[in-house]
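Rule-based calculations on the coordinates, nothing more; no lab input. Note that the coordinates shown come from a computational prediction; the quantities given were computed from them, not determined experimentally. Ideal geometry is used to build each Cβ from the backbone, glycine not excepted, and the neighbour counts take in all protein chains shown.
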């Protein structure tokens, strides 16, 4: 069933949803901001919007003040640089990850498998910028390898200039027939491509391994063995092609990940591509460049998915292109195309036309919902449910949440004491289950490692005031500026040899940054920032996702379509880019804004997964049985559907506790989120970044290590939890 | 043909070692249809998987001997086992749709086993008729590869034309040209020897229009056709013995009868030995000559079919036989009466069965 939902989703893409609906839903508020700055709101918003739309389709994407040129012009030549890098990285990633994944699945639970899994986990847990800085540190200090820019300016511009036609330097150098140029371009590309490839490689390895294990347990593998084929033939001829099918569907996502990563990689390696350009634009709040970049990456993502979609249909004979196109979808698509055409002809007419469409569509929606409500009045709880969700989300974000948690804990303790006899009886099987789980944990050393990492990092956050006591004069312990009365720059770490008597100059256990911030102090208190953001984002995201995903998946049909199209809009834009755009466009650089941005980025992914689970579960016989015995929809969703999704919810939430900290650190590294001296790991890494060339490794090393350990801990734990909760693993 | 002596197989699970087989003894002679019956979990399938070493990773043969035509294959090398699988013993499985590879055509799947075990035959046929062994359309069969190459070539050509370096695009142009020409050139080439053999294998299991079926994917066929394809595949390697692991369970009744008849016919034609694993005593009565009853990893009774049905010796066999629901023909033709009579009869017999089973377990 999961496969079917994935297919329908991709097919709806394959049908060719144009960019227009996405633009409509997303750009309006941003557009508002943009014109508010530029023109001071002298026109009504919908007119501005239509004007903008016209600009987009005629490639008139505004003027960027940062690079002092036309945005579409800048996109055109920077795009080649990014694409060249991404494609190389993508090829490297796919070409190494797929064989590794297959190999790992053949050697399941042996040391080769553990090694590859750990390698893959490191790939997703290590912050991409930290890895890049590592390489930069080693290659600048110990080799004469050129690591910045795309080419050696002396060779390309002075001694032997060749014609640059496509701006794909590798191809240009081949076209000019010049070997040294080719080598030079390749030499400059290798490091950034490695960094980029490693992250997506990790995802593909894990996917491929999982799919292979799945496929190797299928009946047709046994058939192949019974024919007398050798182990290798069975694996590569019968196993791998089948395992490739689900892997390919996620390669489009992988490409989006590359675009995400290219933002960071390009910044560090000063690669003159789109990502670095976008960051410059965001730092100086150049709105037209930001919007153009966001739009462009969404466009790229949709194209990548289209290609994947076609490839998928070729790989799997069971799929045929062109199915699944409801009248409503065709209507929406054709209306938006018509809208675009009218926009080109006359703006006023387009404004009226768009207005008309919006009114009639929303009228239709309200009509159908109210009709449904009148027909089945007991469904009204859905509306209350959404209201309740919004309340909970608000309470989490406003800090009211902790009160709820504490009070519910007290209530729960009361319940336990009051109904102790019943609880005791129910404890038996639970205890059995617990024993089983602990046995599973003992069997898997990686899970124990993850558990230890998570517990130790959480206790660091908990005992921060004792581990790194703030100064007496400090008003806010999260701010590093006031930690020491006198801050000494660039102090090397003294580890445990520092004594209180040796004075403050010597008191930096892990060294200090260029503004004299104590790295040890920053890491200890930064764990609180990470925990705070991760918990809030994960809780809020899971809550929204669980409710919307379960309802949408359970009801299916029109509601599901609408919810899925909305999530499409968010997923089409690479997460980091969207978060950056939200922060940059609103101009609010506080940690709260960053949290909102992360929630907006993360909930659609959650919703997708839970919705897919709900779709699968609602077709199972026990749901039919519950329906037949007269249970209400509310009861079915909360008694049967959600508890059965809980496994995947827990696993994903655990993993994303790590993933969100990685995003948070990436944003912090780029200089977004919180004040300039807020204790936050990504920020600390960026302080250390500038000192690499002088050999001060501690500035970027220790905070990056903290991020990596955090993410690694949660990923390992998530993996372990999945193994434990999956009943299929018990044999 | 196949002799199994005191076979013991264990599964290592979380809850400890599960002894699936506790000393199974079986002898299957040339050209006989041997039925193996028993309830779910009694170790029927495990017996045949152990014999061919097709057990999952957790399973392990811990004792006993397996003799194939007098040769001890208990500790045979992997190479020898591969010769036996498909070449000397063919096997068909319960659910044909999941047992056939979904992304390979019938042609490829049967061709594979032919290339493994009938290499000499194919070459002989090819040299006799003067046709190629197999057509060079291997990569044409997977359109994904073809599509990728085409897209690659076109993008390179357009790139080089954009760059004004037309000479660079010539090799790519050549590849595309060959891809189009190939269809034209291969138009009159007769079917390859492998194709003929595949079609022959398919017509042996009485499939209508074997040419078209060879070209299709498993999901495009009906359940009965899929099972016929499975049988064709098991027979393609000219195996002297066929193991059928509940071949009719996933099929409906009319198709069941057809498939059983097919297995019987083929057995007669080729004088094969057939080991038919089933839990359906009706199937056994209809098809087999000899039958063994399995319970809890042991053979409790082995006899000819007539003897089992008329004079079962073991208590468990008697209980098993009495559990078959019987239609009561002598009752008046009143539906209510009939229904109640039937249910009481079958219920009581199942009660008996469970009682006997409990007694045996207690022993």
* Structure fact -> Note: B:53-61 gets an average of partner chain Cβ contacts (10 Å, Cβ to Cβ) equal to 2
* Could the peptides A:209-217, A:151-159 be put in order, highest first, of the mean number of other beta-carbon atoms found within 10 Å of their residues? -> A:209-217, A:151-159
* Any chance you could list the semi-axes, whole Å, largest first, of the equivalent ellipsoid that the Cα gyration tensor gives for the range A:515-665, using √(5λ)? => 36, 18, 10
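Taking the highest mean first, how do the peptides A:631-637, A:463-469 order by number of other beta carbon atoms within 10 angstrom per residue? Spell out each step's value before the answer.
Values: A:631-637: 16.4, A:463-469: 14.6.
For the peptides A:631-637, A:463-469, the packing ranking is A:631-637, A:463-469.
Strictly greater than 16 Å: what percent of every Cα pair in the range A:606-700 meets that? Provide the component values of the computation, followed by the final result.
On the way: 3018 of 4465 pairs.
Of all Cα-Cα distances in the range A:606-700, 68 percent exceed 16 Å.
For B:77, A:297, A:648, what's the fewest-to-most ordering of other Cβ within 10 Å of each Cβ?
Working: B:77 9, A:297 26, A:648 17.
Starting with the residue having the fewest Cβ neighbours, the order is B:77, A:648, A:297.
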* Counting every Cα pair in the range B:163-307, what percent are over 22 Å apart? -> 56 percent
* To do: Summarise the partner chain shielding of B:94-102 as one whole number: the mean count of Cβ atoms from other chains within 10 Å of each residue's Cβ.
  => 5
* Tell me, Kirkwood radius of the range B:20-109 from alpha-carbon pair distances, in Å? -> 15.1 Å
* **Nearest-0.05 FRET efficiency for residue A:416 and residue A:187, computed from C-beta distance (R0 60 Å)** => 0.35
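Kirkwood Rh, Cα Rg: Rg to Rh for the range A:71-284? Before the final figure, lay out each step's value.
Working: Rg = 20.4 Å, Rh = 19.1 Å.
My calculation of the ratio gives 1.07.
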* Structure fact -> One finds the C-alpha centres of the range B:215-267 and the range B:73-122 to be spaced, in Å, by 14 Å
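So for A:181, A:640, A:114, A:238, fewest C-beta neighbours within 10 Å to most, what's the order? Can you show the working numbers first?
On the way: A:181 22, A:640 19, A:114 16, A:238 25.
Result, fewest neighbours first: A:114, A:640, A:181, A:238.
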